[in-house]
Amino acid sequence: MLLLFRNTAWSLSVSGPVLPLYIRSLGIDIVDWSFIATAHAVGLIVFEGLWGTISDRIDRNRMLVGALICMGLVFPFYTVKSLVPYFVVLQFAVGAFAVAIGPTTRAMVADGSPEESRGFYMSVWFTFFTLGSMIGPILGIYIADLMGYEYAFYASAAVLLLGAAIFGVFFRGNSGKVAPKERGAGSVWQDATTLLSVPSVTLIFMLTVSIFTGMPAVRAFLPIYAAEEVGMSNVSIGVMLTISSGLQLVVMPVLGRLSDRFSRRLLIAAGLAGMFTMSMAFYLVETPLQLVLATTAISIFGCVSSLVLATLSKVAPRELSGMAMGMYGSFEDLGLIIGPVIYGLIWNGYEPALIFPAAAVISLLGLVFLSRIRE
């Protein structure tokens, strides 16, 4: 539920179509937008591993409430146009606070779910993640078209503060930690070294980078591409993203259950192959309908990211679950940092449509890392 509030608010403005369209309405060019998008990912990568490690040591419930409140206080600053030169700072701050929620809730799921059903439970986690990402874009675009872009950011703040109030009142007690840990500061580096000494863990992290440097990073440019190159309206873009996210709600739990009974590796490989194929297909898109179909298909193939997370929870030491989930997120964020820079330069220096073949090649690297993972 907390994840639903966070992702609805997040995709309602900052991580959905509203922010890139708002940025373009202010006259900011594509290269500058790529750096603004990258600043958000930098905030994620710098803090995700840290928050994951902290979540192994403190009360996770209080940590989650604090993160929601801090996020909610930052969003209204996006409406102050005099702060446009400092949007990179706002993006960094939102990423830093938002990222506390991901590894903490993932660690709770990993610690509280039986191993034989972990694929399913991790897929359920992604389902709630996706549900918020489905509601946010269409709600944000509707608010932006009806009242103005600024009100989408106010709505994000309101959703976050409401979520913090509900979670703080109704969810108390067990924080979901495995056991309290009394460790010195030096043990954090020791824990990280222990985690990375497991070869399969390192390969999973590299696989994660390739996945999130691919199509997830391209989606930062997809609203602009849809509006400027394909001629879609703002509302149509919001509906497109909502449809693709809605189908993920159905696919993820089913995929998770299948991965608990059949070959998880084979399912991930099929998803990566599908992402490669559909990324190449984007280059041929000419009409809004074709773009909607391609976006929907690649979103379905992208559901395999939940299986990668389930694989990590199986091979990582249980006592380091918070750190493992935090570092997983950091490698996700590394992909989200690399991707916008690459695609922004390609867009500006060559042609916009070439970002999709570039994403396809990057996603294909994931198959190489997958082939070497041993559960």
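The values are calculated or read from the model by the stated rules, or taken from the named source; none is laboratory data. Here the structure is a predicted model, which means the values were calculated and not measured. Note that each Cβ is placed from the backbone with ideal geometry, even for glycine, and that neighbours are counted across all protein chains shown.
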TODO: For residues that are of a type in the set (A, V, I, L, M, F, W, C) and modelled with pLDDT under 80, scanning just the range 215-234, find the one that is farthest from Ile23 (Cα to Cα).
DONE: Met215
Open item on the list: For the range 211-235: of the residues being assigned to a helix (DSSP H, G or I) and small (Gly, Ala, Ser), which is surrounded by the most Cβ atoms within 10 Å (Cβ to Cβ)?
Closed with: Ala217
Task: Residues of the range 281-299 classified as farther than 20 Å from Gly214 by Cα and surrounded by 18 or more Cβ atoms within 10 Å (Cβ to Cβ), total - done: 0
Task: Check on Ile362, more than 17 Å from Ala37 (Cα to Cα) and assigned to a loop (DSSP other than H, G, I, E, B) - done: no
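If you check Ser313 against the conditions, is it crowded, with 22+ Cβ neighbours inside 10 Å, polar (S, T, N, Q), closer than 14 Å to Leu196 by Cα and touching a Gly at 6+ places or on another chain (Cβ under 7 Å)?
So Ser313 fails the test.
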- [ ] Name the helices (runs of 4 or more DSSP H) wholly inside the range 58-165 in which the number of residues that are modelled with pLDDT of 80 or more and not polar (S, T, N, Q) is 1 or more.
- [x] 60-74, 87-98, 118-147
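Name every residue in the range 142-167 that is closer than 16 Å to Ala67 by Cβ and in contact (Cβ under 8 Å) with a residue 40 or more places away in the chain, in order of residue number.
Our first condition is that a residue be closer than 16 Å to Ala67 by Cβ; within the range 142-167, this holds for 156-157, 159-167.
Ser156, Ala157, Val159, Leu160, Leu161, Leu162, Gly163, Ala164, Ile166, Phe167 - these are the residues of the range 142-167 that are closer than 16 Å to Ala67 by Cβ and in contact (Cβ under 8 Å) with a residue 40 or more places away in the chain.
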- [ ] Go through (1) among the polar types (S, T, N, Q); (2) at pLDDT 80 or above; (3) surrounded by fewer than 18 Cβ atoms within 10 Å (Cβ to Cβ) and name the single condition Thr208 misses.
- [x] (3)
- [ ] Report, by residue number, each residue of the range 350-363 that is at pLDDT 85 or above and either of a type in the set (Gly, Ala, Ser) or buried (at least 18 other Cβ atoms within 10 Å of the Cβ) (or both).
- [x] Ala353, Ile355, Phe356, Ala358, Ala359, Ala360, Ile362
Open item on the list: Tell me whether the range 248-260 contains one or more residues that are within 17 Å of Glu286 (Cβ to Cβ) and in a helix (DSSP H, G or I).
Closed with: no
Open item on the list: Residues that are more than 20 Å from Trp125 (Cβ to Cβ), polar (S, T, N, Q) and either touching a residue at least 60 places away in the same chain (Cβ under 8 Å) or buried (at least 16 other Cβ atoms within 10 Å of the Cβ) (or both): does the range 249-271 have at least one?
Closed with: no
